[in-house]
Amino acid sequence: MAEIKAAEVSQKKKSVLNNTAILFLILVAMFGIFSYIGRPWFFSRLNIIPMINNLSFIGIVAAVLTMVMISGEIDFSVGGNIGLTACLTAVLLERGLPGWLVVIIALAAGAAMGAFNGMLVTVIGVNSIMATIGTMFIWRGIGYTLTNGESMLAMNPVIDFIGRGFIFKVIPFPIVLLVIIFVLTYVIMNHSKWGRRIYAIGANPLASYLSGINVKRVKFIGFLLCGITASLGGLILTSLSAVGMPQHGQGLELVIVSSIILGGTVLGGGKGQILGTLAGVLILSILYNFLTIMNVYYFYIQIVQGSVLIIVVSTYEIGQAMKRRRM
Amino acid sequence: MEKVEKKYSAFMNFLRTPTPTLIGIYIVMFILFSLASKNFLVIQNIKGIFNNFAVYGILSAGVTIVMIGGGFDLSIGSTAGLAGIVSAVLLMKNIEVPTPVVFLIAIVIGCTVGLINGIIITKVGINPIITTLGMLAIIRGVCYFWADLNPRIYNVFVQNLGRIYIGNVFPITTIYIIVAFVILTLVLKFTRFGRDLFTIGGNENLARLAGIHVDRIKIISYVISGFFCSIAGLLLISQLGSGRPEYGTGAELEVLTIIVLGGVVVGGGKGNFLGVFIALIIIQTISNGMVLLAVPVFMRMVVKGALLVLVIAIDALRSRRNLQLY
């Protein structure tokens, strides 16, 4: 079994690049078609900039969650984390704390949440899906408790800049963050020892342990980073909407996980590409944005989101089955 | 001689399950709540506790079957909501479909959802959590088709379905749950389906090699779960007196907590309904106690999530035999 997986890993380099390229082609085609059907609203400054801003916080969370998923674990609590961060930010700002301090506290809280997930999974040995479904409700519940279920205004120069600022008056700041995070994760996953360890752990944890990798530590750091980036996403969302409300990020785990899987990351770990995730995030965000632009009800979009998740995973599984039959 | 030994070992087996611990926890909790709130140990309140867990109890009956077989079902809350709102719409004044037909349609809806889940999970081979998470979103979206109708239940028979008390004390819904649990226990103990299910939960590859129709049994278990979802949906509209698209949201968290607390091992192969029943009472008593002690609404959500994490952590520690290396 292990040998087969290892063989797939070495073989994959070419094929996944192909898959990612196909995804980007689909993306361009989709963008063209949507611009045509949805004219004049879809391809306009008024739509493109909010779409990119929205996409950026999803992408930031997805990039790091890809690392966690390649190592064979998953984190469903990112949506709850975003809700809690948004509420925490709003509450702290209302207390009159300076903006930079609020940002630091929010990121620290994200780190704490990530560390808690990591401890549950690595030290106690809980199945990460179950553990993070539980913590998802805890984070959101704490968010509700903090703001007493209300949405609070969150206005502050620093917070405003995170989501709505422009660098050189042209480039939206969330996009800068998105690019930084993607470049960092790309370098880590493709050009560092640590990234190779993550791939190895996902492919075969026992073999990685026996060859001297501290599996638990790598996984723990993955969850920690995931917590921090999720709260960064929460800060961006708070800034974009200028309110902290506990419903922020609800159902986001569905979108994020499906875009990661669409990007070619496998549920059991060991396979996946950061660029693929980028393509997946772009495709799904554009699709959902287009549906909204075309005046589709939210609950229809919800149906589409669920179907996309199932269809994407089915496609992968059916492809694998056909490949096995050919061998 | 052998017989005596067998009996002894069965008793020891019972002691080794988490059920005795659960009974102990419950007694302690009961005493604590009774001391903390003077409204707890009142017949009215106890009646309420038993009647309130109707929906979760019926839902956990089906999910326990799925989880013993190593599966997972997160779509229960949405499925119950769908069955509920469709039946409520069909019972509306200007449509007036006969009640038995409504029940039949509700059950068909639940079983169809279960069948779809089962086929996707077994034939396509997707992780059950991902599949049912997707189904959760899809079905909840479908529920909103009828969002603007806001149907009320005037049908007396349906109203009584979840509201009657036998002898003015014992809620009829508890009898449904007990009947369902007893029947399922007998099915698990004495039929081939039950034994196959435990084998599959214990080791799926082994079961396949032993000639068990793994896929078929698993699909049946999801259909059973869907069936109980539709019953739960009917109870929901009966107890709440109307049909709303958001009914049943978050039920999966509650049911998961109940089942894992009841000693059903995540990953399958182990579990009994007595434990699930006691866990059901425990969780409902905790919810009730939090209301009586005036714990804020949102804090209750935190407590429930924390309870799930705690229960799963204990489950992980219990099922871990060797030191975990990675």
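Coordinate-derived values only; no laboratory data. The model shown is predicted, which means the values in this text are computed figures rather than measured ones. Every residue, glycine among them, receives a Cβ derived from its backbone with ideal geometry; neighbour counts consider all protein chains shown.
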Estimated Rh, the stretch A:2-326: Kirkwood, alpha-carbon pairs, angstrom: 20.2
Count, lysine Cα pairs under 22 Å in chain A, 8 or more residues apart or across chains: 22
Distance between the stretch B:262-312 and the stretch A:222-259 - C-alpha centres, whole angstrom: 28
Cα gyration tensor category, rounded, prolate or oblate, for chain B with a/c compared to 1.5: oblate
Furthest towards positive pole of dipole, B:ASN94, B:ASN51, B:ILE281, structure part chain B, Cβ charges: B:ILE281
Computed helical MRE - 222 nm, chain B, DSSP H runs ≥ 4 contributing -39500 (n - 2.57), nearest 500: -23500 deg cm²/dmol
DSSP-assigned coil residues among chymotrypsin sites (Phe, Trp or Tyr not before Pro) in the stretch A:147-208, each with at most 13 further Cβ atoms within 10 Å: A:PHE168
Cut-off under 5 Å, modelled amide H: who pairs with A:PHE166 long-range: A:PHE173
Estimated dipole of the stretch A:183-327 in Debye, rounded to 20 [Cβ of Lys and Arg +1, of Asp and Glu -1, Cα centre]: 780
Nearest-20 debye value, the stretch A:2-326 charge dipole, Cβ charges on Lys, Arg, Asp, Glu: 1040
Residue among B:GLY62, B:GLY269, B:GLY125 with the largest mean-square fluctuation in a Gaussian network model of chain B, springs linking Cα atoms under 10 Å: B:GLY125
Average beta carbon contacts from partner chains per residue of B:247-258, 10 Å cutoff: 1
Cβ charges +1 (Lys, Arg) and -1 (Asp, Glu), total dipole of the protein assembly as shown, debye: 1260
Euclidean distance between Cα centres, the stretch B:96-154 to the stretch A:104-129, Å: 34
Cα shape, the stretch A:93-152, gyration tensor, a/c 1.5 rule: oblate
Per-residue mean of C-beta atoms belonging to partner chains within 10 Å, peptide A:142-148: 4
DSSP loop GluC sites (Glu not before Pro) with at most 14 other Cβ within 10 Å excluded, longest remaining stretch of chain B: B:97-245
Low-density loop cleavage sites - chymotrypsin sites (Phe, Trp or Tyr not before Pro) in the stretch A:235-312, where at most 15 other Cβ are within 10 Å (DSSP): A:TYR297
Exercise: per-residue mean of other protein chain Cβ atoms within 10 Å, B:299-308: 6
Listed residue (B:LEU41, A:ILE310, A:LEU206) projecting farthest to the positive dipole end of the protein assembly as shown, Cβ model: A:LEU206
Mean Kyte hydropathy of -1.0 or more with a Cα span along the axis of at least 18 Å, helices from DSSP in chain A: A:2-37, A:45-70, A:78-94, A:99-119, A:128-147, A:173-191, A:215-241, A:274-293, A:298-326
